[in-house]
Amino acid sequence: MNKICKKYISEIKALFPINRKQEKEYLKKLTSDIEDFCEETGAAEKGELYKNYGTPQEVVSNYLLTLDSQYVAKRIRTTRIIKGAVAVGLVLATIATSVYGVHLFITYQDFLDNQCGGVVTVISNYN
């Protein structure tokens, strides 16, 4: 399979808003079909793929039209919630790491300020 076909397939995969089992199976069949087409015709330009399959946007749009709208809405909502939770988790982890770093720096500065510098004072009690 040539680079143009690989790029065309990756453009289609990038546009899919949902990536569940059903979509993976569809993409697997579509990829196999596109690979066969590229091998048989030796497609050298995207125009040939666009003429046979349509633009990546059209391929995704046609697939989504075959699905139930409630299924699509639910999957997109779930994906959005997961992405939001991951973003919040990353922000909290960044804040926690920053606070911990500042705490370590302050502790280190206190250690340096209280260090004796190698001078030992001996206090003895004479009777």
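Among the residues of segment 79-91, are any in contact (Cβ under 8 Å) with a residue 12 or more places away in the chain and either polar (S, T, N, Q) or assigned to a helix (DSSP H, G or I) (or both)? If you could, list the steps in order and put the result at the bottom.
Taking segment 79-91 as the starting set, the residues that turn out to be in contact (Cβ under 8 Å) with a residue 12 or more places away in the chain are 79.
Restricting the remaining residues to those that are either polar (S, T, N, Q) or assigned to a helix (DSSP H, G or I) (or both) gives 79.
Yes, because at least one residue in segment 79-91 is in contact (Cβ under 8 Å) with a residue 12 or more places away in the chain and either polar (S, T, N, Q) or assigned to a helix (DSSP H, G or I) (or both).
Is one or more of the residues making up segment 49-60 in the same structural domain as Lys3 (by TED's automatic domain parsing) and of a type in the set (D, E, K, R)? Walk me through how you get there before you give the answer.
First, pick out the residues of segment 49-60 that are in the same structural domain as Lys3 (by TED's automatic domain parsing): 49-60.
From what is left, the residues that are of a type in the set (D, E, K, R) are 51, 58.
Yes.
Specify the residue that is nearest to the chain's Cα centre (by Cα); the eligible residues are those in segment 14-43 that are in a helix (DSSP H, G or I) and aliphatic (A, V, I, L, M).
If we take residues in segment 14-43 being in a helix (DSSP H, G or I) and aliphatic (A, V, I, L, M), then Ala14 is nearest to the chain's Cα centre (by Cα).
Could you please find all residues in segment 53-66 being surrounded by 15 or more Cβ atoms within 10 Å (Cβ to Cβ) and not in a helix (DSSP H, G or I)?
Across segment 53-66, the qualifying residue is only Thr55.
For Lys46, all conditions in the list (1) touching a residue at least 12 places away in the same chain (Cβ under 8 Å); (2) under 25 Å from the mean Cα position of the chain (by Cα) hold save one; what is the number of the exception?
With respect to (1) touching a residue at least 12 places away in the same chain (Cβ under 8 Å); (2) under 25 Å from the mean Cα position of the chain (by Cα), Lys46 is out only on (2).
If Thr31 passes every condition in (1) at pLDDT 90 or above; (2) surrounded by 13 or more Cβ atoms within 10 Å (Cβ to Cβ); (3) closer than 24 Å to Arg80 by Cα but one, which one does it miss?
Failed condition: (3).
Which of the residues that make up segment 74-103 are under 14 Å from Asn19 (Cβ atoms) and under 14 Å from the mean Cα position of the chain (by Cα)?
Of everything in segment 74-103, those that are under 14 Å from Asn19 (Cβ atoms) and under 14 Å from the mean Cα position of the chain (by Cα) turn out to be Thr79, Arg80, Ile82, Lys83.
The values are calculated or read from the model by the stated rules, or taken from the named source; none is laboratory data. Keep in mind the model is a prediction, meaning the values are calculated, not measured. Every residue, glycine among them, receives a Cβ derived from its backbone with ideal geometry; neighbour counts consider all protein chains shown.
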